[in-house]
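A.B. asks: Shown below is the structure under consideration.
The values are calculated or read from the model by the stated rules, or taken from the named source; none is laboratory data. Quick caveat: nothing in here was measured; it's all calculated off a predicted structure. Glycine gets a Cβ as well: all are built from the backbone with ideal geometry, and neighbour counts include every protein chain shown.
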Amino acid sequence: MKKRVLIADDDKSLLWVLERFFKDKRFDCVCATDGHEAQRLLGTERVDLALIDINMPGKTGVQILKELKGAKGLPPIIIMTADATMENTISAMRYGAFDYISKPVDLDELEIIVTRAMENAKLKKELSTLKKTLEQKWASETIFVGKSKAAEKIFKTIGRIAPRDVTVLIQGESGTGKEIVAKLIHLNSPRREGPFVAVNSAAVPRELMESELFGYEKGAFTGATETRKGKFELADGGTLFLDEIGDMEVGLQAKLLRVLQEKEFYRVGGKEPIRVDVRIIAATNQNLEKKVEEGKFREDLYYRLNVVTINIPPLRERKEDIEPLAEYFLERFVEEMGTERKVLSKEALAALKSYNWPGNVRELENVLRRAVLLSSNLVITPEDLALKGRTEKKESLEAIIEKRLAPFIEKTTTRGKQHLYADILPLLERPLIKLVLKKTRFNQLRAAELLGINRNTLRKKIKELNITKKDLSE
């Protein structure tokens, strides 16, 4: 498809020259002789480049720029002026002109400016496409999957706090999805168009953490050959996610507290304060209250961060989320790795649910990714998961009792007639009733309710089995 240029000038002879010039460059041309027509064409026609005279009947080139400034899809605009004064130049560039050219128009100069304008437009389009793709990918991966009550509580909390510009502390083990929750808060907040900047306090050496957060001035230390912005400046207007905040050195905690209070900081080696507008979301896998008691975390910073707390339980405590998480990852891997859609066998799903998941959701994702890559079948089996020897072995109560009784039965059945039922049943009843009485602190009414028997029956059993309060303290 040919590129299209809008040429706007009330000088018809110049219009003719410029039209011939652009047609030689394989452009389609649309022309206007007054400002109103030029602005209308910019709003209704597909235009890849505009060449507009600064002084025209109806509306000037600067007025057009001023009224269209910030409009989506606006092409590069080159202003033509017979009076290249400082004021005209500044006005044109201030309101978004790509460049300006003086009259009489030098066609060689115009060719250079047009080439630069088209290259710049192409680059902006590519960057816009890339940004959109990255945003879509980021949004598609920023999903907290779950149907458990714990997950529902997290969703509700995000919905309530995201629009409010409060500091948030996210607590949970490694791999539970703390950064995803932070991103969801950002994406659902008024700051969604701003940057989301993450920094891991545990991953950055302590001696570099201050310059990582606040930046540094040129010459601040050996190797500081240029001024560099820190994470706070990069996050201005958006959200700063401070992961593993519990690992931050106490001295740096004081400086962080000052930023939270004053909304300003100094770069390393800097003398002028820098003000920022940043929302802080912190996360930790540690017990900050305990660290405060131990003097390893500032109490005032803890309370400043802990305005709203979101606790993410480990995956082993919300196993009803394993199946939807597995489905989500398997679906995502189809696009991510270009593989066929694979499904879990019932046995594989059972194996996933019986595993303890010390690495939480991150470990589940990695286990499934490996299984998808290595399995040659469309159905994933327990063998594909490579969880052998790591699953929780949960024996049923019946199996445990059988295992314990088997040797006893083996011995006693060789002695002829026995009274196994009458002998063994009290041995099973006594520990059961003892444990329930211990649980209820010898409250016989509550114990009878738990056992599902009459209170008088329980009293009779206590007497028959010779259970006393002293037995419960053993």
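A.B. asks: State the number of residues belonging to the range 2-35 that are part of a loop (DSSP other than H, G, I, E, B) and at negative phi.
C.D. replies: Keep residues of the range 2-35 that are part of a loop (DSSP other than H, G, I, E, B), which gives 2, 9-11, 25-26, 33-34.
Still in the running and at negative phi: 2, 9-11, 25, 33-34.
Going through the range 2-35 one residue at a time, the tally reaches 7.
A.B. asks: Moving to a separate point now. Working only within the range 150-182, note down all residues that are charged (D, E, K, R), touching a residue at least 60 places away in the same chain (Cβ under 8 Å) and not in a loop (DSSP other than H, G, I, E, B). Steps first, answer last, please.
C.D. replies: Keep residues of the range 150-182 that are charged (D, E, K, R), which gives 152-153, 156, 160, 164-165, 173, 178-179.
From what's left, touching a residue at least 60 places away in the same chain (Cβ under 8 Å): 165, 173, 178-179.
Answer for the range 150-182, where residues must be charged (D, E, K, R), touching a residue at least 60 places away in the same chain (Cβ under 8 Å) and not in a loop (DSSP other than H, G, I, E, B): Lys178, Glu179.
A.B. asks: Another one. Taking the range 183-227, which residues are modelled with pLDDT of 90 or more and either assigned to a strand (DSSP E or B) or of a type in the set (Gly, Ala, Ser) (or both)?
C.D. replies: Of everything in the range 183-227, those that are modelled with pLDDT of 90 or more and either assigned to a strand (DSSP E or B) or of a type in the set (Gly, Ala, Ser) (or both) turn out to be Ser189, Gly194, Phe196, Val197, Ala198, Val199, Asn200, Ser211, Gly215, Tyr216.
A.B. asks: Test Leu352 against the stated conditions and say whether it is under 26 Å from the mean Cα position of the chain (by Cα), in the same structural domain as Ile185 (by TED's automatic domain parsing) and surrounded by 13 or more Cβ atoms within 10 Å (Cβ to Cβ).
C.D. replies: Numbers: under 26 Å from the mean Cα position of the chain (by Cα): yes; in the same structural domain as Ile185 (by TED's automatic domain parsing): no; surrounded by 13 or more Cβ atoms within 10 Å (Cβ to Cβ): yes.
No; evaluated as a whole, the condition is false for this residue.
A.B. asks: Taking the range 220-268 on its own, how many of its residues are on the phi > 0 side of the Ramachandran plot and within 23 Å of the chain's Cα centre (by Cα)? Spell out how you get there, then give the answer.
C.D. replies: Of all residues in the range 220-268, those on the phi > 0 side of the Ramachandran plot come to 223, 237, 244, 263.
Going one step further and asking which of them are within 23 Å of the chain's Cα centre (by Cα), we end up with 237, 244.
Here the count works out to 2.
A.B. asks: A follow-up question, please. Would you mind finding the one in Ala97, Ala71 that is farther than 30 Å from Phe196 by Cβ, aliphatic (A, V, I, L, M) and not in a strand (DSSP E or B)? Break it down stepwise before answering.
C.D. replies: Working: Ala71 fails: farther than 30 Å from Phe196 by Cβ.
Among Ala97, Ala71, only Ala97 is farther than 30 Å from Phe196 by Cβ, aliphatic (A, V, I, L, M) and not in a strand (DSSP E or B).
A.B. asks: Let me ask something else. Which residue is modelled with the highest pLDDT, if the candidates are limited to the range 114-146 and must be out of contact with any Asp or Glu (no Cβ under 6 Å at 6 or more places or on another chain) and part of a loop (DSSP other than H, G, I, E, B)? Even if it seems obvious, please write down each step before you answer.
C.D. replies: To start, the set of residues in the range 114-146 that are out of contact with any Asp or Glu (no Cβ under 6 Å at 6 or more places or on another chain) comprises 114-145.
In the following step, the residues that additionally are part of a loop (DSSP other than H, G, I, E, B) were identified as 142-145.
Details: Thr142: 66, Ile143: 78, Phe144: 84, Val145: 87.
Among them, the one singled out is Val145.
A.B. asks: With Arg318, Arg304, Arg275 as the choices, which residue is among the basic types (Lys, Arg) and in contact with a strand residue (DSSP E or B) (Cβ under 8 Å, 6 or more places away or on another chain)? Steps first, answer last, please.
C.D. replies: Numbers: Arg318 fails: in contact with a strand residue (DSSP E or B) (Cβ under 8 Å, 6 or more places away or on another chain); Arg304 fails: in contact with a strand residue (DSSP E or B) (Cβ under 8 Å, 6 or more places away or on another chain).
Result: Arg275 is the single residue among Arg318, Arg304, Arg275 that is among the basic types (Lys, Arg) and in contact with a strand residue (DSSP E or B) (Cβ under 8 Å, 6 or more places away or on another chain).
A.B. asks: Only one of Ile78, Ile101 is within 19 Å of Asn120 (Cβ to Cβ) and modelled with pLDDT of 90 or more. Can you tell me which?
C.D. replies: On the way: Ile101 fails: modelled with pLDDT of 90 or more.
The conditions single out Ile78.
A.B. asks: Mind checking whether some residue in the range 36-49 is in contact (Cβ under 8 Å) with a residue 60 or more places away in the chain and either of a type in the set (Gly, Ala, Ser) or part of a strand (DSSP E or B) (or both)?
C.D. replies: Initial filter on the range 36-49 (in contact (Cβ under 8 Å) with a residue 60 or more places away in the chain): 48-49.
Now restrict to residues that are either of a type in the set (Gly, Ala, Ser) or part of a strand (DSSP E or B) (or both): 49.
Scanning the range 36-49 turns up at least one residue that is in contact (Cβ under 8 Å) with a residue 60 or more places away in the chain and either of a type in the set (Gly, Ala, Ser) or part of a strand (DSSP E or B) (or both).
A.B. asks: Would you mind stating whether Thr33 is of a type in the set (Ser, Thr, Tyr) and at pLDDT below 90? Before the answer, list the steps.
C.D. replies: Details: of a type in the set (Ser, Thr, Tyr): yes; at pLDDT below 90: no.
For Thr33, the condition - of a type in the set (Ser, Thr, Tyr) and at pLDDT below 90 - is not met.
A.B. asks: I'd like the full set of residues that are closer than 24 Å to Ala254 by Cβ and among the charged types (D, E, K, R), limited to the range 209-229.
C.D. replies: Glu210, Glu212, Glu217, Arg228, Lys229
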